[in-house]
Every structure is written in C-alpha cells, then in structure tokens.
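Structure, as structure tokens:
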Amino acid sequence: MYSFDIQRPTSVADAVAALGTDEALPLGGGQTLIPTLKQRLSAPSVLVSLSGIAEIKGVCTGDDGALCIGGGTTHATVAREATGYPALAELAGNIGDPAVRNRGTIGGSLANNDPSACYPAAALASGATIVTNTREIAADDYFQGMFETALNEGEIITEVRFPVPEKGAYMKFEQPASRFALVGVFVAKYADGVRVAVTGASEEGVFRWTEAEKALSSNFAPEAVDGLSVSGDGMISDLHGSGAYRAHLVGVMTKRAVAAAH
Amino acid sequence: MPKDHGIGASPKRREDVRFLTGAGNYTDDINVHGQAYVHFLRSDVAHGKINKIDTSTAEGMPGVVRIFTGADFEGVGGLPCGWQVTDKNGEVMKEPAHPVLAQGKVRHVGDPIAAVVADSLEEARTAAEAIELDIEELPAVVDMGKALEAGATKVHDDLSDNLCYDWQFGTDTETTDAAFAKAAHVTTLELVNNRLVANPMEPRVAVGDYSRAGDDYTLYTTSQNPHVIRLLMGAFVLGIPEHKLRVVAPDVGGGFGTKIFHYAEEAFCTFAAKACNRPVKWTSTRSEAFMSDAHGRDHVTKIELALDKDNNFLAVRTDTKANMGAYLSTFSSSVPTWLHGTLMAGNYKTPAVQVNVKAVFTNTVPVDAYRGAGRPEATFQLERVIDKAARELGVDPIALRRQNFITQFPYATPVAVEYDTGDYEATMAKMEELMDIPGFAARRAESEKNGKLRGLGVNCFIEACGIAPSNLVGQLGARAGLYDAATVRVNATGSISVMVGAHSHGQGHETVFPQVVAEMLGIDESMIDIVHGDTSKIPFGMGTYGSRSLAVCGSAMVRATEKIINKAKKIAGHLLEASDSDIELKDGQFTVAGTDKSVAWGDVTLAAYVPHNYPLEDIEPGLEETAFYDPANFTYPAGAYACEVELDPETGKVTIEKFVSADDFGNVVNPMIVEGQVHGGIAQGIGQALLENCAYDENGQLLSASYMDYAMPRADDLPHMANYVVDHSCQTPCTHNPLGVKGCGEAGAIGSPPTVVNAVIDALHSGGHTHVSHIDMPVTPSRVWAAMNSQ
C-alpha cells in the first residue's frame, strides 16, 4: 500500500468537497478498493471515507412504496432490514461472507459495477433509480459496461430506490473460487411486466434479457423460457466456464428464479 | 470402554491450547532486534533474458540497506536437488543450476530477480519499483508435449533439451508386451493429474540472523524438517559448517509437503544477514506463495490395463509426462519415479507392471511433493482405468477389484516393493457395510425424483509410507538417509522431555508421542513433553513427510525409551537388592518379580541424578538416552473408499452426498487424531477432484494466481459430518516397526480423488450420458456440462 491521506467527512457536502481535490478516491466499504491498494494497483493521494456519513445509511419505504436504501448501507443491514423486498434482502444476505457483508455497501458495489457482482442485477431488474448528490439516474441508463457507470468523477451514490415487485427472486450460480456470480439472474414481476437482469455472464456487464422478459410477461412460469436462449457470443469465457456454458446457465438460472419468485 | 490414556486413547490435542488462544509462536511472530525486511522483485514474464538490472536509483531510496542481484551470488552454491534419478539408458538426470537469484535468465513467473533489503517492508517495496529492468521476453514452454518436441525453446540453454530424464521401471518390455498380446481385453485411459498449489494456512517466512561475535548463523523458517534445511543450505548453498548454523522451525501452520523443500528465500535471508550485518526477515504474501511455493502433481498419463477372458489383470503399462517446472526442487525428481512407479501395482496381483515416466522442464513454478506425492497420481490412474474396464466389461467394479486382490503376504510386487502385510478384503467389506451399498438403488431413485443424477464411486488404494530404509533409497539415488532420531531425557523428579527429529505442523505429535512413552513407562502423559523443530535442541532427524513421523521417529522414541527402561531397571535392581533381570515395570512401579518389593518411578529417576546409593562402578549416573531408527521397509497403509455424488444435469454441478473411508493403518495410537488426519486428507482429495486447478496460459502466465480463481475446498463443499465416515477398525499391524503403525497422514488425499471421479462417471452413465468415459480433474460444473454435451 502506498501512503495516502484519509478524510472522514460526516456529510455528503463535505465528502463532495473533499473529492474535489486531485487524485482523491471515495472509499465505501473498501471490499474492492482496499485489496487493490494493498496490491499497489491504485495510488490515490487522498481517500475520502464515506462510512461516517449518517445521512446515506439505512433502509426505508418511500411515499411511492419504493424501498429506499442509503448508498452507504452495508449488505448485512440490507439483508436484515429490507424485509419489504424479500428477494433483495436474500440477495444481500448471500453476497460474499459475513466480513464482506458487514463492510461492503450497496453504493460501493453499484459504483464499482463489477461484472460478476450481485447488486447490479437487482438494480437493473427492479428498474431502480440511482440517486446521487447531483441527480437521479435510471438503472437502464446507469450501467454502461464492465466497471463502467454513468457516474461522474466525484459523484456519490446517496440512495437507491427499488420499486417493489409483486414477485421476485435472484438465482446465483457461484464461481467456485471467488463465489461471485458465474451467472446470476434476477427476475422481478411488476404489474406492467417482467424484468430479467443477468450478471456475471456478459463481457458488457449486467444486461436485460428482453426476450425472456417478453415471454414471462405473458406467462410468468418457468416453461415460458423453454426454447429461448442467449448467444454465447460476447459472454465471458475463462477458467471457470466458456461463453457457451454461461449462456446455457442464463436460461437455467432464469427458470429457477421464476420458479422461486415470491 | 475406550482407553482414557496411553496408546489407543483420544486425549484432546494439548497444542491446541496455544493455537486456539492465539498463543502460538509462528515464524512471523519472531522478530529479532534490529531486523531489516526483504522484498523480492520477481519476474512477471515466464521466460526472458536479463539484459540489464540497474539498481542505482533504488539504492538511494529511503530506508534501503542493500540491494542484491544474481551477481551477488556468483560463486555461491545453487539450490540442490536431493535425489538423483538414473534414466532407462543409465544416464543420470539433467540437473540445471538453480541460483538463489536469477542469473542471466528468468524461467518462470515469480522467479526472483533482485532482493531489496530495507528498514521497513514498505520502503523495500517502493525501492524495488525503482529498479530498472531490461528483460527481453522469450517464447515460453508451458505444455509438456510441446516442450519435448524437436526444436522446442529450451528452458535451460546449457542442456540439450527439456527432458530431465526418461525413466522406465518394473516389468521388462518383452514380458509386458507379451501379456498385452495375449489379453482378452485391454482398457486404455488418458488422463491428467491436475497441478495443485498446497496453500498451507501459514505462508512461508524466513528470518536470517548472524552473530559476528561467534561467526554463527540462525535461520528461523517455516519448515517441516529443520535438519534437512541445515544440511542442504549449510553444505550445498552457503558453505556454513553445521556447528555454526542453527535452524529453527517453530510453530508451523501446515506444510502438506510444500515446506519440506529448501527455498531460495531461506538461503537469501541467511546470506544477507551476514552481508548486511543485520537480521533479515521475509514474509511471503499469499500472491507470492502462488508463484514461489513448489506446486504439486501435474502429470499427464496414458495407462493401459490388460485382462484375460476371466477378467484377471494380466498387465499394466503407463506412459507419463511429469512436469518439473523450471528448476528441480529438493525432492522433485523422486516424486514421479520412486514415490509413484513403485505403487503402480496397487492392491492387485497383476503379474506385469511397467511404468514409463518422462520428466520435463517447463517455464512454470517448480513442482515437488504435495500430500501423497506420487502415490495419488499412481492411485488415480490405476483406479480410474479399473473402473473404466469394469464398465466396458459390464462387471461390478467392486467384484472386479476383489477378484484381483493380493491375498498372500508378504507380497513382492513387479515394481520392487514388498508389502509386509494387509487385508484388502477386510477394508472392502467394511466400506460396503458403512456405505450401505444395497441401499444405493433407492437413494438413486430418490435423487432422480428431484431431477438429479446419483452416482456411486468406489476404489482401493495403497501407499508406501514411513520413508524409508536408507540403504535402499541410497541405491535409488537419494542423497540423504531417511532414518529418524529421538532423545528421551528423564529429569530427576521423573518428568521427561523427548527431543524428536520429526516436526509437528498440524499432526499433533505433542499429544501423540507422550501417549506412547507414557504407555511404556506406566506414568501419566502430563509428565512428558515433546521438543521439536530446533537443530540446537534435537538430535539429527529427517523431519516429517511421507506419513513417517510415528512409524520412523516414533520407533526411534520407542527404542530410546527401551534403553531408559533397561537402565532404570538396573538402578531399581540396585535399590531393591535384586537382579535387574527380575525387575518388572508396571504402572510406574518397579517390582521384584514374585514379591511385593517395589520402588516407584520417581525414586529411581531421583537416584539416577542424586546417586548416593547407586551402582556407580557399573552404570553412569543420569537417565538420558538417544536412539536412531532406520526402518527395514516402508509401511503400506491401504484401504477402500466410496462416495456418492449428486449431479445436477442442468448445471453440471456435483455435490458429495456421502463419503466413506475404510483404512488399515495398522495399530492406532490416537484414534481422534487419525480421524482428523483422514478427514483433512479427504477434504484435500475432494478439492483436487472437484475444485483446485493451478492453470497457466500459453505464455506461462499463472491464471489461478489468487483465491479469486484458485478454488480451495470449504466446509460446505464437503458432506455433513454424519455422512463423512472415516473408519480405521481394520488393522493389520506393520510387521517391522515396534509400534506396528503404518502412518495415516496422506491416505485421505491419496485415496479420494478417483472415488469422486468414479462416482461422477457413474452418475452420468445412469443419466444416459454413456459416451462420457472420463472427465479430467477438477470436475467442475462447466467441464461436466461440456462432457454431457460433447456428442
């Protein structure tokens, strides 16, 4: 780890100001950034810790019924408190291990947008709104490829608003070593249709499987997915599985998510 | 009632008090006053020519003490290989130089190029980044087949090619060919024994210390065998006489073989401590461990099994390529040969067995012994090809094995070793009972109801442990003896310190060894402590590997204790005014046979050290004895393993539903510790079978360089304890060591990989995927799915 200064603002405004300096990086739960620093793969001059900002922590229900989660809320808190959206609480409860869940935050995960992370699938499948210190971003506009998002430099995720579906479920097939998603599928059924988001599989990061959404919107049953498939082209191919295998798992996990939706 | 003390009891591990309360003293816990820290600059290319190393800028960086490169080690010895293999043409193996720091070329990712010693580790790392390197990348040799092709890039320019040796062993070619010619059926299987990284929980650490006043050195290191390190490093690398070199291996957090070997970092820290006149410490990061700890396995094999019309085995023939990596690690050359070829007969009376092994240099991390070392490779080949033969012939795989069992002992195999004793039928029957084989059909039907396939895998194994008779291994090329030693030091009040050459790094010697001495003397175990891991305290022993501690060092301890008893009886005879031949020792009391005259253990030991009433004209005062023990033969633990897997045909994911091992370890001193060893060994075998895969790309870059990509087995990858059954009730005691023990450390890792793969193939066949005859390990979901869809 290289030397750096650390700042611990207690308000979003102070954090934004601190991030205005050169080579400052925001530090959420640090579950990606700290290992990166230890490997000397990143050399910020200032780390701005967001974990002391009370206003971006916690889970509540908005006036429109959406589940609102502060950007600085840990996975463990979501798992415990997002009872209004059980599929989301279950997803949070299965990220990493207890140490990860007690440090890692939803804002950190969405800002990093790891192509194998779980939260992007939930946000995209739920049509969530990512709220920052400057604006509101629809999930459909937010995810822009592997580790790429609509966030500007220094922009902080303050809240994520999840419309609560009638039914939903997340099915993760774990990569055996990291236990990140080799393929993870989040299915959410709303009054106006079904949304299906896939993580872990694509070289472009999380994506919506629109073909399955269409079929499931007219018949929300596992067999509605029969005969549908995604192409292995553009899928991640690595030590743990070929693109064709990942494409196959997208179908399997989608059906299982539909079957498990509650 | 199980015994509550002595041999056969299961007292809780006394060492766990310190391990579980954070009071262990590991090498990284050792800090010597004034120590500096070293960071190794390692190659990030697999093969390259070093054109220039400019350390001038780095040397001026804050905190830097000194920077070393290969040039500083010119004239210093290279890391030696401890076993010289002679090939089938009578030629000795090729033995390339293995410098402490790279000289001229780098040969694998992780090869150390320079070492920066600084006041702090961070300063050393920062300075290392300022070293200017000009390395011309060369084509890398990764695949063993390509490495052996004519005109292949050479890992070592001064060698004629990448072939280390071409070894043949066992039955001659003419006899073997004749057996295959008359066979009614031949089964052939090509398979890979996957490369593994041992991953002990504690990474390697070395602290070198040098005293100008005495011109002597101390090396604290994470080793399974401190005397071996002292001999290799002192005599072959640094030229330090043994009396000036102390090697201490304190608490060590797991070894699994990878801490047997003498490593460059140990030699460096010792050398640099004098050169810098400061203690020098190195602590491996986990990332460094992946690219500098010796890897394990990595064999590619074609095996053929010939059977007659009645399904009797006629012959086995193997052709293996074994990866040595870029350099020969300490015992690398012996693993695919003498630790592998000698086990190719397995548990079967096959009359002809021929083993062919080509050892190959590649631009990868050196490969050496890992839990089982050679024997898992032998077992996997043999037990997989037998399973395939059973399937091809449509016969029961258990019956086929049974029919071919060796039943008469001693049994001389066609591959040089003589099994002293065993009962393979007994372990097979025990396995069948514990697995409830008759109930399998119902369990399979239940799985199928849930959309899953269920498979049953069985196999046998045998291993040669307790390495080894020194005169035999000497003939085979070992450059060391393989005895062990123990000193039993009885104190005046009767308590005992036993100094042993074996090293405990998870095995529980501190608990088990006192059980043996206590049993022999009839005193309480709490009166006995074990001392190990420090060459300044213990007799010259060869350390712990190859399941040898109790069989070899334990035997030395028994011999030393017998000497103690003999002398104590003389003292007791004097005190009791009787002939020592009439003295009996029982429950800590010396009694004149047939009388009620007795004297207690403590009275005798006190007399030895306060010899006021003592036969000084006949015997010396004091009570301390040493014995060295060189075994007459290997020991041959064997057993039968079975597992049931459930396979999800939609994803290819395999789960182990139940695992049963029925082992014959001979006599057992501490059943709880034996069971723990087997549980751990099977966990590693399941890891190899389903999860672990050390993979390189074609450029020699390590793909599985961290736990993000290298999958270690975790608790939820293993069956629930109720379905994880390890049994050692079948016991045919070893015939040639005093305790009748065989060793249990490696069995689980040797026996279990074929069990899992056999079960997976069985599951696939039950689901109609009969075209799948083999899947290479690790049997990952993606590989299963690909195999199912390979038609």
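The values are calculated or read from the model by the stated rules, or taken from the named source; none is laboratory data. These numbers come from a predicted model, not from an experiment. Note: ideal-geometry Cβ built from the backbone for every residue, glycine included; neighbour counts use all protein chains shown.
Restrict the check to the stretch B:550-568 and report whether at least one residue is at pLDDT below 95 and small (Gly, Ala, Ser).
Checking the stretch B:550-568: not a single residue is at pLDDT below 95 and small (Gly, Ala, Ser).
So A:Ala181 fits all but one of (1) touching a Lys or Arg at 6+ places or on another chain (Cβ under 6 Å); (2) surrounded by fewer than 22 Cβ atoms within 10 Å (Cβ to Cβ); what number is the exception?
So A:Ala181 meets the others, but not (2).
Let me confirm something: among B:Gly743, B:Gly700, B:Gly748, which residue is more than 14 Å from chain A (Cβ to nearest Cβ), under 24 Å from B:Arg548 (Cα atoms), among the small types (Gly, Ala, Ser) and assigned to a loop (DSSP other than H, G, I, E, B)?
B:Gly743
Return only the number of the condition from (1) touching a residue at least 40 places away in the same chain (Cβ under 8 Å); (2) crowded, with 16+ Cβ neighbours inside 10 Å; (3) among the β-branched types (Val, Ile, Thr) that A:Thr10 does not satisfy.
Condition not satisfied by A:Thr10: (2).
Among the listed residues A:Gly84, A:Gly104, identify the single one that is more than 23 Å from A:Glu148 (Cβ to Cβ), touching a strand residue (DSSP E or B) at 6+ places or on another chain (Cβ under 7 Å) and among the small types (Gly, Ala, Ser).
Selected residue: A:Gly84, the only one of A:Gly84, A:Gly104 that is more than 23 Å from A:Glu148 (Cβ to Cβ), touching a strand residue (DSSP E or B) at 6+ places or on another chain (Cβ under 7 Å) and among the small types (Gly, Ala, Ser).
Among the residues of the stretch B:778-791, write down those that are surrounded by fewer than 19 Cβ atoms within 10 Å (Cβ to Cβ) and facing chain A (nearest Cβ under 8 Å).
B:Ala786, the sole residue that qualifies.
Among the residues of the stretch B:698-711, which ones are in contact (Cβ under 8 Å) with a residue 24 or more places away in the chain and touching a Phe, Trp or Tyr at 6+ places or on another chain (Cβ under 8 Å)?
B:Leu702, B:Ser704, B:Ala705, B:Ser706, B:Tyr710
Restricting attention to the stretch B:705-740, and to residues there that are outside any loop (DSSP other than H, G, I, E, B), more than 14 Å from chain A (Cβ to nearest Cβ) and aliphatic (A, V, I, L, M), which single residue is surrounded by the fewest Cβ atoms within 10 Å (Cβ to Cβ)?
Per the criteria, the residue is B:Ala722.
From (1) buried (at least 24 other Cβ atoms within 10 Å of the Cβ); (2) closer than 21 Å to B:Ala373 by Cβ, pick out the condition that doesn't hold for B:Val300.
Result: B:Val300 passes all but (1).
Counting only residues that are within 16 Å of A:Gly154 (Cα to Cα) and surrounded by fewer than 19 Cβ atoms within 10 Å (Cβ to Cβ), which one in the stretch A:48-71 is nearest to the chain's Cα centre (by Cα)?
A:Ser51
One residue is enough: does the stretch B:657-674 have a residue meeting the conditions within 14 Å of chain A (Cβ to nearest Cβ), crowded, with 19+ Cβ neighbours inside 10 Å and in a loop (DSSP other than H, G, I, E, B)?
no
Which numbered condition in (1) without any contact (Cβ under 8 Å) to a residue 24 or more places away in the chain; (2) within 29 Å of B:Ala412 (Cα to Cα) is the only one that B:Arg714 fails?
(2)
Please note which strands (runs of 3 or more DSSP E) are completely contained in the stretch A:129-248 and include at least 3 residues that are in contact with a strand residue (DSSP E or B) (Cβ under 6 Å, 6 or more places away or on another chain) and either within 14 Å of chain B (Cβ to nearest Cβ) or more than 25 Å from A:Leu110 (Cβ to Cβ) (or both).
A:167-174, A:181-190
Evaluate the following for A:Ala215: is it of a type in the set (Gly, Ala, Ser), in contact with a helix residue (DSSP H, G or I) (Cβ under 6 Å, 6 or more places away or on another chain) and farther than 22 Å from B:Pro649 by Cα?
So A:Ala215 passes the test.
Please work out which one of (1) in contact with a helix residue (DSSP H, G or I) (Cβ under 7 Å, 6 or more places away or on another chain); (2) loosely packed, with under 14 Cβ neighbours inside 10 Å; (3) over 30 Å from A:Ala169 (Cα atoms) is the condition A:Ser45 fails and give its number.
Just one mismatch for A:Ser45, condition (1).
If a residue has to be within 14 Å of chain B (Cβ to nearest Cβ), part of a loop (DSSP other than H, G, I, E, B) and over 22 Å from the mean Cα position of the chain (by Cα) to count, how many in the stretch A:1-41 make the cut?
7
Need the failing condition index for B:Gly622 against (1) more than 30 Å from B:His728 (Cα to Cα); (2) in contact (Cβ under 8 Å) with a residue 12 or more places away in the chain; (3) touching a strand residue (DSSP E or B) at 6+ places or on another chain (Cβ under 8 Å), just the number.
With respect to (1) more than 30 Å from B:His728 (Cα to Cα); (2) in contact (Cβ under 8 Å) with a residue 12 or more places away in the chain; (3) touching a strand residue (DSSP E or B) at 6+ places or on another chain (Cβ under 8 Å), B:Gly622 is out only on (3).
Of the residues that sit in the stretch B:759-777 and are within 18 Å of B:Gly687 (Cα to Cα) and crowded, with 23+ Cβ neighbours inside 10 Å, which one is farthest from the other protein chains (Cβ to nearest Cβ)?
The extreme case among them is B:Ile761.
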